[in-house]
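Here's the structure we're looking at; comments come further down.
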Amino acid sequence: MIRLGISVEGATEREFVTRVLAPVLAQNQVFAYPIDMHGRVSLERVEKEVSKLLAMFDHVTTFYDFYGFHKRPEGNVDVLEAAINDLMPADKRHRFTPYVQQYEFEALVLAVPDRAEIIIGVNGLGEQFREIVAQSGGAELVNDGYKTCPSRRIKAIAPLYDKKFHGPVALEGGLQEARAACPRFDAWLNYILQLKVNQNSR
């Protein structure tokens with residue numbers, strides 16, 4: 001059994017981990033516990049939070065949005081993940097996997113257009129999601145501009161979208177579809193799914 005602490009940005013990510021990821025991870029003997037940062041995530045706050053979690057869990061990972069990360073360093077999401085990793089003591093990094101969603105959690109929602117249309121209840125929403133994703137070259141590539149980040153694009157065509165509720169619920173039955181459309185997310189999830197297997201092989 002692996003006790004996995006997931007430091008999450010806020011309530012939406014906490015719900016997503018609890019409702020969607022934790023049951024899937026448990027099938028692989030990885031038991032996930034989300035720890036909510038309540039927004040305004042920064043490198044300084046991450047260092048304090050993750051240092052505490054490393055003393056409590058077998059392994060620790062993160063689930064933050066790239067968009068809105070407070071005082072993030074220049075560069076892309078890989079640069080930010082490397083900066084987070086560098087915050088941890090070298091002798092503990094083998095128990096830590098930084099992950100930042102490019103660009104927002106809503107990239108995953110855009111990746112499940114038909115389920116999102118049913119859950120949010122806006123006719124034609126799925127087709128509009130497909131157009132947004134196609135224009136950007138992929139769900140994870142819908143950019144982080146103020147007016148063009150994934151959450152604001154969704155709100156623009158579905159004003160009643162409640163990210164804390166609709167996002168996790170849309171993904172409950174659509175995780176495989178989201179993984180297929182979001183390769184960065186899929187690589188991270190695949191890695192933490194294998195934590196128990198990798199522990200046994202050491």
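Which residue is surrounded by the fewest Cβ atoms within 10 Å (Cβ to Cβ), if the candidates are limited to segment 73-99 and must be closer than 21 Å to L195 by Cβ and of a type in the set (S, T, N, Q)?
Here the answer is N85.
For segment 80-127: of the residues being under 18 Å from the mean Cα position of the chain (by Cα) and polar (S, T, N, Q), which is farthest from G138 (Cα to Cα)?
N85
Just to verify a result, which residue in segment 36-50, among those that are within 10 Å of R72 (Cα to Cα) and not hydroxyl-bearing (S, T, Y), is least open to solvent (accessible area, probe 1.4 Å)? Give the derivation first.
Kept after step one, since they are within 10 Å of R72 (Cα to Cα), are these residues of segment 36-50: 41-43.
Subsequent filtering for residues that are not hydroxyl-bearing (S, T, Y) retains 41, 43.
Details: V41: 4, L43: 34 Å².
Filtering first and then ranking leaves V41.
The values are calculated or read from the model by the stated rules, or taken from the named source; none is laboratory data. These numbers come from a predicted model, not from an experiment. Heads up, the Cβs are rebuilt from the backbone with ideal geometry, glycines too, and the neighbour counts pull from every protein chain shown. Accessible surface is based on the protein model in full, side chains and every heavy atom, while ligands, DNA and RNA are left aside. Shrake-Rupley method; radii C 1.70, N 1.55, O 1.52, S 1.80 Å.
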